[in-house]
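Encoded as structure tokens, the structure appears first; notes follow it.
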């Protein structure tokens, strides 16, 4: 009986030690993710293109997190975001393409554990656009992003940007998700949404909505004047 009791204590001690070690790994993984997030949040809108040194430093924080928990979804997402930053800063097409592929892979890995994250779906769609992978998966990613983060401004901007770029190849449900996003954007994010739509000269999507018409009155007027005869200028439903 005593030997059996000692064995039970040994097993319990080992279990507690394993739990403590796992807790420590999770704590360190979270610590490095927080370091990366804190530093990247210091990048102001005016510094949209952080220096390569800053990007590498933040990327190292996320990579250090993965050393403790190799499938940490927040670290994977952070590494993917830094890959996109490298892509935007790169002046070498081959390097930019490689960084985009790396980002795409990281977002896919993170989505296996966080399939309800609208940011991951939006970023997956963004990388597929940059990789010229305009397919059913991109439409699905846009739909999930819109459904899971309908009022998040960053999500709205990404859905509109990617959706308009890939419009001709989107499925009907993804097109409707884009239109819903534009309508919601009028309430909380009209200036930036209008600028994205303007870059694609799709005034037919926004000029029938009062908030956008207030921002882009001259553009809407010009679009109405240059519409083809018999074509409604602000039909609001893309063809």
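Bear in mind these aren't lab numbers, they're just calculated from the coordinates by the rules spelled out. Just so it is clear, the model here is predicted, and its values are computed rather than measured. Positions of Cβ are backbone-derived with ideal geometry, glycine not excepted, and every protein chain shown enters the neighbour counts.
List of remarks:
- Among residues of the range 177-190 being assigned to a helix (DSSP H, G or I) and either without any contact (Cβ under 8 Å) to a residue 12 or more places away in the chain or touching a helix residue (DSSP H, G or I) at 6+ places or on another chain (Cβ under 6 Å) (or both), the one that is farthest from residue 143 (Cα to Cα) is 190.
- Scanning the range 91-138 for residues that are closer than 25 Å to residue 70 by Cα and in a loop (DSSP other than H, G, I, E, B) gives 112, 113, 114, 115, 116, 117.
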